[in-house]
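Take a look at the structure below.
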Amino acid sequence: MHISDGIISTPVCIAANVVSLGLVWIAGRKASSEEIPRMGMTGAALFVTSLIHFPIAGTSVHLGLFGIAGIILGKRAFPVVFTALLFQSLIFQHGGLLTLGVNAINMGAGAYAAVLIWNTGRVPWTVRAAVAGFAGIIIPALMMIAEFRITGYGSSVTLLLLIYIVTALVEGGITMSAVMFFRKVKPEIINGPKF
Amino acid sequence: MIKMKVLSTVLFFMAFSGILSAHGVNVETSFQGKTVVLMSSYSPSQPLADAVVTVYSPADADNIWQRGRTDKTGHFAFMPDSAGDWVFIVDDEKGHMKRILIEVPADLLSAEQPEEESAGTDEIAGVTVMNKMQKALIGLSLIFGLTGIFYGLRARKNQKQS
């Protein structure tokens, strides 16, 4: 899901980087003493998650944890996603540096979608968690596929979509398990943050 | 009880350590006689098969010199006709792309024996490179370090306000 450099045009990448930095500032400013350690731990989890990958249909996919990041952090999720992507790019060359803004916007959108889904009332928490986790992957994937289509890059859209649907289903299950864990151990983590 | 849960969570993730590896594209280059052989992979156990390869010559950086695909094992080979910096781009058309510069020495063009001579990985040859786990630890250290800095700044600000 990490778009490498050379796929999206440079002007678009630069614009996306500027927008991303603005969003990092807006979403990260005035973070409280309680939120900062939570952001750090979630960022660390996002960073190492990309190390766990599995082959599907000839390519390689990995978990993202954007859903659980959105549930735990609320609006603070974007700067955390941006930071994790930055270090993944710098240290593992996973995703480009020029495309950092594009990737951050895609994956940040997934995290924020998870926040909105998690905070819808009345629906059982299991459903909300699973759908939030699913959205955390499928929304960035759809945005990436749309960007590929606009730039004329890539081959089969259907195959790519199927690959990420499978990944999103796995992620939904993992998000539900994580939420179950937090409900028992520290429920205030998942009940607090909103936009 | 909580300690047991934390311990079991840590052990759960440690169980994945065997498959921990970076997710980008890795390229290893070797020279076999006059042939440059490249091996592309997502990880040591997963080659980048059927990926689009584009090669640019140092003599003409604007026009494609060769275009093809990696084979099932992630290999691609070409025979350069001049010394210099050749550009090799591999792309699986699913968002994973890698561009590397291959320095073809002049003596390669007069090589006769197809003796395998490893030019190392796409990382700098002759320099000690870190393995993936070491890089992961560095990344985690940086993230925790940044968290500590911001936490300290916030604490100082709160102290001043109070």
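The values are calculated or read from the model by the stated rules, or taken from the named source; none is laboratory data. The model shown is predicted, which means the values in this text are computed figures rather than measured ones. We place every Cβ from the backbone using ideal geometry, glycine too, and count neighbours over all the protein chains shown.
Taking the criterion of being buried (at least 24 other Cβ atoms within 10 Å of the Cβ) and within 10 Å of the chain's Cα centre (by Cα), the only residue of the range A:113-132 that qualifies is A:Ala114.
Considering the range A:133-160, and only residues there that are in contact (Cβ under 8 Å) with a residue 60 or more places away in the chain, part of a helix (DSSP H, G or I) and within 12 Å of chain B (Cβ to nearest Cβ), the residue that is surrounded by the most Cβ atoms within 10 Å (Cβ to Cβ) turns out to be A:Pro140.
Listed conditions (1) farther than 30 Å from A:Thr158 by Cβ; (2) in contact with a Gly (Cβ under 7 Å, 6 or more places away or on another chain); (3) hydroxyl-bearing (Ser, Thr, Tyr) are all met by A:Ser33, apart from (2). Taking into account only those residues within the range A:87-103 that are part of a helix (DSSP H, G or I) and surrounded by fewer than 22 Cβ atoms within 10 Å (Cβ to Cβ), which is nearest to the chain's Cα centre (by Cα)? Among those residues, the one meeting the criterion is A:Ser89. Report yes if some residue within the range A:64-73 is touching a Phe, Trp or Tyr at 6+ places or on another chain (Cβ under 6 Å), crowded, with 24+ Cβ neighbours inside 10 Å, away from every other protein chain (no Cβ under 12 Å) and among the β-branched types (Val, Ile, Thr); otherwise report no. The answer is yes, given that some residue of the range A:64-73 is touching a Phe, Trp or Tyr at 6+ places or on another chain (Cβ under 6 Å), crowded, with 24+ Cβ neighbours inside 10 Å, away from every other protein chain (no Cβ under 12 Å) and among the β-branched types (Val, Ile, Thr). Surrounded by 13 or more Cβ atoms within 10 Å (Cβ to Cβ), within 12 Å of chain B (Cβ to nearest Cβ) and part of a helix (DSSP H, G or I): is that true of A:Ala168 in this structure? Answer is no for this residue.
Using the structure shown, decide if A:Ala27 is in a helix (DSSP H, G or I), among the small types (Gly, Ala, Ser), touching a residue at least 60 places away in the same chain (Cβ under 8 Å) and in contact with a helix residue (DSSP H, G or I) (Cβ under 7 Å, 6 or more places away or on another chain). Lay out the reasoning, then the answer.
Values: in a helix (DSSP H, G or I): yes; among the small types (Gly, Ala, Ser): yes; touching a residue at least 60 places away in the same chain (Cβ under 8 Å): no; in contact with a helix residue (DSSP H, G or I) (Cβ under 7 Å, 6 or more places away or on another chain): yes.
In short, no.
Residues checked against (1) within 12 Å of chain B (Cβ to nearest Cβ); (2) in a helix (DSSP H, G or I); (3) at pLDDT 85 or above:
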residue	(1), (2), (3)
A:Gly6	yes, no, no
A:Ala15	no, yes, yes
A:Leu23	no, yes, yes
A:Pro37	yes, yes, yes
A:His53	yes, no, no
A:Leu85	yes, yes, yes
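Among the residues of the range B:40-66 satisfying the criterion of being over 23 Å from A:Ser60 (Cβ atoms) and charged (D, E, K, R), which is surrounded by the most Cβ atoms within 10 Å (Cβ to Cβ)? Among them, the one singled out is B:Asp60.
Residues in the range B:66-88 that are more than 18 Å from the chain's Cα centre (by Cα) and part of a strand (DSSP E or B): B:Gln66, B:Arg67, B:Gly68, B:Arg69, B:Ala77, B:Phe78, B:Gly84, B:Asp85. Evaluate the range B:95-103: report whether one residue or more is within 30 Å of A:Ile52 (Cβ to Cβ), surrounded by 15 or more Cβ atoms within 10 Å (Cβ to Cβ), in contact with a helix residue (DSSP H, G or I) (Cβ under 6 Å, 6 or more places away or on another chain) and at pLDDT below 85. Looking through the range B:95-103, none of the residues is within 30 Å of A:Ile52 (Cβ to Cβ), surrounded by 15 or more Cβ atoms within 10 Å (Cβ to Cβ), in contact with a helix residue (DSSP H, G or I) (Cβ under 6 Å, 6 or more places away or on another chain) and at pLDDT below 85.
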